[in-house]
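Visitor: What follows is a single structure, and I will ask about it in a moment.
The values are calculated or read from the model by the stated rules, or taken from the named source; none is laboratory data. Just so you know, these numbers come straight off a predicted model, no measurement behind them. Because the Cβ atoms are built from the backbone with ideal geometry, glycine has one as well, and the counts that use them run over all protein chains shown.
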Amino acid sequence: MSEKQTPAPASGSSPANTPTAAVTADGEVAAIGQLRELYESLRAEVAKVIIGQDQVIEQLLIAVLSRGHALLMGVPGLAKTTMVHALAEVMSLQFNRIQFTPDLMPSDITGTDILQETDQPGRRAFVFVKGPIFANIVLADEINRTPPKTQSALLEAMQEHKVTASGKIFGLPLPFFVLATQNPIEQEGTYPLPEAQLDRFMFFIHVNYPSLEEERQIARVTTGNAAAPLAKLISGEQVIAFQQLIQRVPVPDHVYDAAVDLVRMTRPNSVEAPAWIKKWVTWGAGPRAVQYLIRGAKAHAVLHGSYLVRMEDIEAVALPVLTHRILTNFQAQAEGMTSPKVVERLLAELRGGAQARG
């Protein structure tokens, strides 16, 4: 691993009792252990307001540490907004929520010029007023309920971490993370996200119903006294330093090869694709999926106390990375073959091929 880079400016104050995330080449092993301990503390703190959903919380943290964005699919009432707000609070990050509606305009997200009085009497000037996109964590609630023109206003912000308005470029605060939600039930009057925008999201996360015991605990805990305030465990500057630490985690060549093979197997026109992929899949994942597989696997490895990426880490992030990048055809839908099932079958074949070679 290389020397630590200087973090970019970030919003959010640094808690006085939180150890610094600064690491050097000699201290990166200790930094990985520190991040692992901090991960357990973050999970315990978020658990004060969120019962269950451990996998969802882990995937959100992996996306943040990997400089990615996430799209959550879940029915109403599963505490998606509360989960994101709690995560932003324990990380000392600024949080804004945008409720997407059919009448929402791009300027409602990015900001607009407003005519205001100046210091000189009788003179006015246009002043840019920043929109809700200027935050560390932005929740785009029900993103498929607004027209494509407004949806596309997020594209530049998500990819470039900047906003262009009135011919001027405004940088967004770092770290910057977009979390969007979709409701799988109500689809009337919605605007499905185009593939180009879906591909901007690192993870597609399914938020499922809680288990029986978790729901019983929800009934007991959330209907009594108000929950205690959440502790601020990490600052924005430290998040950026940990992101840089994640980038330097080593990856063996065979893991790189496995990630590339897995993505190429999803493409029906590729020679690596199995026959059943050509039968059921119309469109497969692009090169960005390989990047997100590696970046997500690095974060997963560190959060689980490993100092290099293993095949288990690739498998752990394959489902949320590939699900929304695989488009199945009508025949697959008629036979009950969904995108998640395609990913699981590909992983099984990739695992079997590795065992045969071993």
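Visitor: Scanning for something free of Cβ contacts under 8 Å to residues at least 40 places away in the same chain and of a type in the set (D, E, K, R), does the range 192-200 turn up at least one residue?
Guide: No, the range 192-200 has no match at all.
Visitor: Tally the residues that are surrounded by 14 or more Cβ atoms within 10 Å (Cβ to Cβ), aromatic (Phe, Trp, Tyr) and in a loop (DSSP other than H, G, I, E, B), restricting the search to the range 193-223.
Guide: 1
Visitor: I've got another one for you. Check Leu93 against each of (1) part of a loop (DSSP other than H, G, I, E, B); (2) outside the structural domain of Pro192 (by TED's automatic domain parsing) and name the one condition it does not meet.
Guide: Evaluating Leu93 over (1) part of a loop (DSSP other than H, G, I, E, B); (2) outside the structural domain of Pro192 (by TED's automatic domain parsing) leaves (2) as the failure.
Visitor: Residues of the range 126-160 being in contact with a Lys or Arg (Cβ under 9 Å, 6 or more places away or on another chain), over 19 Å from Arg97 (Cβ atoms) and assigned by TED's automatic domain parsing to the domain that holds Ala79, which ones?
Guide: Once the filter is applied, which keeps residues that are in contact with a Lys or Arg (Cβ under 9 Å, 6 or more places away or on another chain), over 19 Å from Arg97 (Cβ atoms) and assigned by TED's automatic domain parsing to the domain that holds Ala79, the range 126-160 yields Leu155, Glu156, Gln159.
Visitor: Here's a follow-up. Filter the range 81-136 down to the residues that are crowded, with 16+ Cβ neighbours inside 10 Å, over 30 Å from Ala47 (Cα atoms) and in contact with a helix residue (DSSP H, G or I) (Cβ under 8 Å, 6 or more places away or on another chain) and list them by number.
Guide: Leu104, Pro106, Asp108, Ile109, Thr110, Gly131
Visitor: I would also like to ask the following. For Arg123, state whether it is in the same structural domain as Pro147 (by TED's automatic domain parsing), in contact with an Asp or Glu (Cβ under 8 Å, 6 or more places away or on another chain) and farther than 16 Å from Ile205 by Cβ. Give the steps one after another, and end with the answer.
Guide: Values: in the same structural domain as Pro147 (by TED's automatic domain parsing): no; in contact with an Asp or Glu (Cβ under 8 Å, 6 or more places away or on another chain): yes; farther than 16 Å from Ile205 by Cβ: yes.
Criteria not met by Arg123.
Visitor: Would you be able to say whether some residue in the range 144-153 is modelled with pLDDT of 75 or more and under 19 Å from Val75 (Cβ atoms)?
Guide: Within the range 144-153, the subset modelled with pLDDT of 75 or more is 144-153.
Those left that are additionally under 19 Å from Val75 (Cβ atoms): 144-145.
Yes, the range 144-153 has at least one match.
Visitor: What single numbered condition from (1) among the β-branched types (Val, Ile, Thr); (2) free of Cβ contacts under 8 Å to residues at least 60 places away in the same chain; (3) surrounded by fewer than 16 Cβ atoms within 10 Å (Cβ to Cβ) fails to hold for Thr150?
Guide: With (1) among the β-branched types (Val, Ile, Thr); (2) free of Cβ contacts under 8 Å to residues at least 60 places away in the same chain; (3) surrounded by fewer than 16 Cβ atoms within 10 Å (Cβ to Cβ) applied to Thr150, the lone miss is (3).
Visitor: Out of Ala10, Ala88, Ala31, I need the residue that is at pLDDT below 80 and out of contact with any His (no Cβ under 9 Å at 6 or more places or on another chain). Which one?
Guide: Being at pLDDT below 80 and out of contact with any His (no Cβ under 9 Å at 6 or more places or on another chain) holds for just one of Ala10, Ala88, Ala31, which is Ala10.
Visitor: From Val342, Val281, Val309, Val321, which residue is of a type in the set (Val, Ile, Thr) and more than 22 Å from Gln197 (Cβ to Cβ)?
Guide: Values: Val342 fails: more than 22 Å from Gln197 (Cβ to Cβ); Val281 fails: more than 22 Å from Gln197 (Cβ to Cβ); Val321 fails: more than 22 Å from Gln197 (Cβ to Cβ).
None of the other options fit; the residue is Val309.
Visitor: Ok, one more. Return the residues of the range 301-326 that are surrounded by fewer than 18 Cβ atoms within 10 Å (Cβ to Cβ) and either of a type outside the set (Ser, Thr, Tyr) or over 24 Å from Ser41 (Cα atoms) (or both); say none if nothing qualifies. Talk me through it step by step, then tell me what you get.
Guide: Initially, the range 301-326 is screened for residues surrounded by fewer than 18 Cβ atoms within 10 Å (Cβ to Cβ), giving 304-308, 310-312.
Across the range 301-326, the qualifying residues are His304, Gly305, Leu308, Arg310, Met311, Glu312.
Visitor: Which residues, taken from the range 131-190, are of a type in the set (Gly, Ala, Ser), in contact with a strand residue (DSSP E or B) (Cβ under 7 Å, 6 or more places away or on another chain) and not in a loop (DSSP other than H, G, I, E, B)?
Guide: Filtering the range 131-190 down to residues of a type in the set (Gly, Ala, Ser) leaves 131, 135, 140, 152-153, 157, 165-167, 171, 180, 189.
Now drop any that are not in contact with a strand residue (DSSP E or B) (Cβ under 7 Å, 6 or more places away or on another chain), which leaves 131, 135, 140, 157, 165-166, 171, 180.
Correct list: Ala140, Ala157, Ala165, Gly171, Ala180.
Visitor: Please name all residue pairs, on different chains or six or more residues apart, with Cβ atoms under 8 Å, provided the first residue is in the range 207-233 and is farther than 14 Å from Ala47 by Cβ and the second residue is acidic (Asp, Glu).
Guide: So the pair list comes out as Tyr209/Glu215; Lys232/Glu89.
Visitor: Can you find a residue in the range 66-87 that is under 22 Å from Phe170 (Cβ atoms), in a helix (DSSP H, G or I), in contact (Cβ under 8 Å) with a residue 40 or more places away in the chain and not charged (D, E, K, R)?
Guide: No, the conditions are met nowhere in the range 66-87.
Visitor: Here's something else I'd like to know. Of all residues in the range 238-293, which are outside any helix (DSSP H, G or I), surrounded by 16 or more Cβ atoms within 10 Å (Cβ to Cβ) and of a type in the set (A, V, I, L, M, F, W, C)?
Guide: Residues satisfying the conditions are Val249, Val251, Met265, Ala273, Val281, Ala285.
Visitor: Tell me which of these Lys298 doesn't satisfy, since it passes every other one: (1) touching a helix residue (DSSP H, G or I) at 6+ places or on another chain (Cβ under 6 Å); (2) among the charged types (D, E, K, R); (3) surrounded by fewer than 20 Cβ atoms within 10 Å (Cβ to Cβ).
Guide: Only one criterion is unmet by Lys298, namely (3).
Visitor: Still on this structure, please answer the following. Select from the range 51-71 the residues that are of a type in the set (A, V, I, L, M) and within 16 Å of Ala318 (Cα to Cα) and write down the one among them that is surrounded by the fewest Cβ atoms within 10 Å (Cβ to Cβ). Working first, answer last.
Guide: Here is the first cut: in the range 51-71, the ones of a type in the set (A, V, I, L, M) are 51, 56-57, 60-65, 70-71.
Next, only the ones that are within 16 Å of Ala318 (Cα to Cα) stay: 56, 60-63, 70-71.
On the way: Val56: 23, Leu60: 23, Leu61: 20, Ile62: 27, Ala63: 26, Ala70: 22, Leu71: 25.
Ranking the candidates gives Leu61 first.
Visitor: Okay, moving on. Looking at the range 204-225 only, could you name the residues that are out of contact with any His (no Cβ under 8 Å at 6 or more places or on another chain) and within 14 Å of Pro320 (Cα to Cα)?
Guide: Scanning the range 204-225 gives Ile205, His206, Val207, Asn208.
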